Amino acid sequence: MKCLTIASFIFIGITSLFASELYVEGSSIGILDNLEYTHGAGKSGTFFGTMNGVVLRYNLNSKNSIRGGLFYLHEFGSDISSEVVRPLISYRYSSERRMFLFGSVIRSDLIAPYPIFLLSDKFSHKKPLFEGFFLKRKFSIVDISVWADWIGLQSPSVHEEFLLGTDINLHIRKFLLKINYLYNHIASRTALHDPVKDESGLNVLTSFSWKRLWILDSLSLSAELLATAVRDRKITMEYDTPLGIKAGTKIVFNKFSIGYFHYQGVIEGDNGWHNLSKGDMVYKNRSFDQVDLSVIPVKNRFVEMFFDLSLISVGGGIDHRENFNLKVPIKSRIGKWE
C-alpha cells in the first residue's frame, strides 16, 4: 500500500510537469447510512462520515486517459489513527460504444447503484474503492458489462477474496430487463483447514415504465427473480440454492418518489433462505413487505443531495433504513500548454 501511495504522488508530479492538458476531478461526499434491522434476520449499524477523492486526469488522446490521485474516508467519532489515505491510479479507454478501465477508482463512480440483494453497501463506504478491471460494451438496445474487483488483501485472516460481476441492461421503449450476476470467492486462513467458499447471486429485474402519466413524472411496475448458490468446499461440493421473487410499483412526482414491494421466498435452501456475505441480510427472511420513500431536494452541477427511507415489515415488526447523501463534485481544467 505504501508503494502504491508513493506511485500516486510520483504520477501526480510527473503529469503536472509534462502534461499538455490536465484536468482535476473528484468529489466530497457526506454520508449518513443508518440501518436498524431488529425484527428480521440481519444486524443494525450506522455510518456517519465523509468520502473524499481527487484525481488528476491526463488525456493521452481523445479515447485514452490516465488518472492518479488520493482517496480519504473518514467516519465521524472514529480514531484518527485508524484513518487511511489510499491511492487512486487507473488507465481508461472510452469511446462511443466501448469502455475499458484498469486500476483503482472510487466504487460509487463505476458500478453504483447496485442491487442491495447482491451488495448491501449502498454508498460504498464499507469497501469504497474498486480495484480491478471493468469492461463495458454498448449496443443499440443493450449494454453489457464484465468486471473483477479484488476486495481481500492478503492478511493473517484472509488468503484471497474477489468479486466477479456481469451486468446486462436491455431497454426497449417502456420495457427494461436488467440482469446482475455476482460471484464472490472467499478463501480464509482462520477457518478450519483454510476452507474456500463460493457465493453466487443472480438478480433479474423486469419492469415497465410510463413517463408523463397524468400528474406523475413516471410510473413503473417491476418484478424481480432472486437466486443464490452457496457452497463451502470443505463441507460439501453441492450448492445451496434458495430462490425468491420480489414485485412492486414505484411512482415519481417532481422531486419525490414512493414505492411498494413484496418479497416472497419460493424455494428454501438446506441452510435457510438467501445468505450472501455482501448482500442485504433482510433477504434471510422468507417474506417481507417494503415501502421506499425518496426525495432529491437539490441536484445541479455544484451540489447533489438526496434522502431515502425504507420501511420493512418483517418478523412481526418494522425494520427501517435511512440514507442521506450530500455530494459536491469537482471537475475543472487546470492547465494547457503548447
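Just so you know, all these numbers are worked out from the coordinates, no wet-lab data involved. This is a predicted model, so every value here is computed, not measured. Here the Cβ positions follow ideal geometry from the backbone for every residue, glycine too, while neighbour counts run over all protein chains shown.
Below is a table of values for the structure above.
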{"read-out": "Cβ-Cβ under 9 Å pairs, at least 6 apart or on other chains, segment 265-283 side more than 19 Å from Tyr183 (Cβ to Cβ), far side assigned to a strand (DSSP E or B) and β-branched (Val, Ile, Thr)", "value": "Gly265/Ile245; Val266/Ile245; Trp273/Thr228; Val282/Ile312; Val282/Val314"}
{"read-out": "Residue satisfying all of: in segment 284-335; of a type in the set (Lys, Arg) and part of a loop (DSSP other than H, G, I, E, B); nearest to Asn34 (Cα to Cα) among these", "value": "Arg286"}
{"read-out": "Leu118 vs. criteria in contact (Cβ under 8 Å) with a residue 12 or more places away in the chain, buried (at least 20 other Cβ atoms within 10 Å of the Cβ) and part of a loop (DSSP other than H, G, I, E, B)", "value": "yes"}
{"read-out": "In segment 288-303, residue nearest to Leu182 (Cα to Cα) [restricted to those that are surrounded by fewer than 17 Cβ atoms within 10 Å (Cβ to Cβ) and not β-branched (Val, Ile, Thr)]", "value": "Asp289"}
{"read-out": "Segment 48-100: number of residues that are closer than 26 Å to Val146 by Cα, surrounded by fewer than 19 Cβ atoms within 10 Å (Cβ to Cβ) and among the hydrophobic types (A, V, I, L, M, F, W, C)", "value": "6"}
{"read-out": "Every residue from segment 121-137 that is closer than 17 Å to Ile151 by Cα and in a strand (DSSP E or B)", "value": "Leu129, Phe130, Glu131, Gly132, Phe133, Phe134"}
